[in-house]
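Trainee: This is the structure, below, for whatever I ask next.
The values are calculated or read from the model by the stated rules, or taken from the named source; none is laboratory data. Because the structure is predicted, anything quoted here is derived from the model rather than measured. No Cβ is skipped: glycine too gets one built from the backbone with ideal geometry, and neighbour counts run over all protein chains shown.
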Amino acid sequence: MGLTGCGKFGKGFLIVINIIFFILGLGLLIGGILMKVNVSAINDEVKPALNGITVSSFKLGDLVDNLSILFIVMGVFVLLVAGLGLFGACCEVKCMLVVYAILVLVLFIIKVTAVALWFTMKGEVDKTVKFSLLKSLKDNYKTDLINSSSVVSNAWNYMFMSLDCCGVNNSSDFLGFSWTHPGSSTSTPRTCCKNVDSTNYLRPACSSGYNDKGCYDAIKDDISTYGNVFAGVGITVLFIELLAVIFAFMICCQTGKESAI
């Protein structure tokens with residue numbers, strides 16, 4: 001049985017859309033890899049400070065790290081599904097189109113869940129994480145020496161230097177609570193100085209002053225740069241995925257049994 005006008009349109013639609021899916025999958029894969037490599041909030045030195053914060057039973061540092069891994073996995077999955085749909089549509093192979101439609105439905109559910117989780121977490125982060133970060137800083141920050149015995153203090157110091165931030169809100173967070181600062185005449189950590197790293201943070205004075213941005217805003221900006229892009233991409237393709245499922249089943253219904261091999 002040959003394809004009708006709607007079937008032929010659906011075939012063309014699937015070919016075009018799966019080429020686009022292939023490109024989008026490649027974008028998710030590359031974006032996830034870049035996020036994993038470049039987002040300073042998820043390196044091993046900074047994560048211990050973030051892991052003291054729990055959001056919806058998830059440790060914040062692990063959550064950010066796992067988001068990048070999720071995007072990489074989704075990118076690979078989209079690439080494989082797009083290839084399956086493209087070949088199935090071009091050759092009108094019924095079994096491949098059925099598998100493709102099922103996988104797209106699974107992907108659709110995953111994306112709806114991921115987008116809903118992102119917006120839910122975003123609201124909760126705004127309400128609770130700043131307070132929790134400040135409490136963690138005041139309870140656990142002991143020294144501005146990056147090789148101290150305090151793992152959490154080391155993590156905060158690396159965060160100050162890698163994200164160019166200071167405290168949770170700003171450097172004033174260090175007023176009013178006690179921490180050890182040997183060799184320093186100020187209550188603000190030397191790791192908060194502008195343009196310093198692990199090799200020069202112990203210089204006598206901050207010649208360029210202290211970082212103005214708080215680490216809460218720095219982390220939020222670091223993450224949202226990638227998160228908003230991925231959320232937007234996910235929402236955009238949801239409707240297209242539904243059409244792809246409909247057309248895949250339409251082609252299956254109009255394709256002869258001889259193609260189901």
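Trainee: Within the range 89-115, which residues are among the aliphatic types (A, V, I, L, M) and modelled with pLDDT under 80?
Mentor: Within the range 89-115, the subset among the aliphatic types (A, V, I, L, M) is 89, 93, 96-99, 101-107, 109-110, 112, 114-115.
Correct list: Leu107, Ile110, Val112, Ala114, Val115.
Yes/no matrix, rows are residues, columns are (1) surrounded by 18 or more Cβ atoms within 10 Å (Cβ to Cβ); (2) among the β-branched types (Val, Ile, Thr); (3) out of contact with any Lys or Arg (no Cβ under 6 Å at 6 or more places or on another chain):
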residue: Thr120; (1), (2), (3): no, yes, yes
residue: Glu124; (1), (2), (3): no, no, yes
residue: Lys130; (1), (2), (3): yes, no, yes
residue: Leu133; (1), (2), (3): yes, no, yes
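Trainee: Residue pairs, Cβ under 8 Å, 6 or more apart or interchain, first in the range 70-85 and within 19 Å of Lys11 (Cα to Cα), second assigned to a helix (DSSP H, G or I) and of a type in the set (S, T, N, Q). List them.
Mentor: Short answer, once both residue conditions are applied: Ala82/Asn18; Gly83/Asn18; Gly85/Asn18.
Trainee: I would also like to ask the following. I'm trying to understand the selection: among the residues of the range 109-160, which are of a type in the set (Val, Ile, Thr) and either out of contact with any helix residue (DSSP H, G or I) (no Cβ under 6 Å at 6 or more places or on another chain) or more than 20 Å from Tyr226 (Cβ to Cβ) (or both)? Reasoning before the result, please.
Mentor: Looking only at the range 109-160, we keep the residues that are of a type in the set (Val, Ile, Thr), and these are 109-110, 112-113, 115, 120, 125, 128-129, 143, 146, 151-152.
Those that are of a type in the set (Val, Ile, Thr) and either out of contact with any helix residue (DSSP H, G or I) (no Cβ under 6 Å at 6 or more places or on another chain) or more than 20 Å from Tyr226 (Cβ to Cβ) (or both): Ile109, Ile110, Val112, Thr113, Thr120, Val125, Thr128, Val129, Thr143, Ile146, Val151, Val152.
Trainee: Could you pull out the residue among Ser153, Ser224, Ser162, Ser148 that is polar (S, T, N, Q), at pLDDT 75 or above and under 30 Å from Gly31 (Cβ atoms)? I'd like the intermediate steps shown before the answer.
Mentor: On the way: Ser153 fails: under 30 Å from Gly31 (Cβ atoms); Ser224 fails: at pLDDT 75 or above; Ser148 fails: under 30 Å from Gly31 (Cβ atoms).
Of the residues listed, the single one that is polar (S, T, N, Q), at pLDDT 75 or above and under 30 Å from Gly31 (Cβ atoms) is Ser162.
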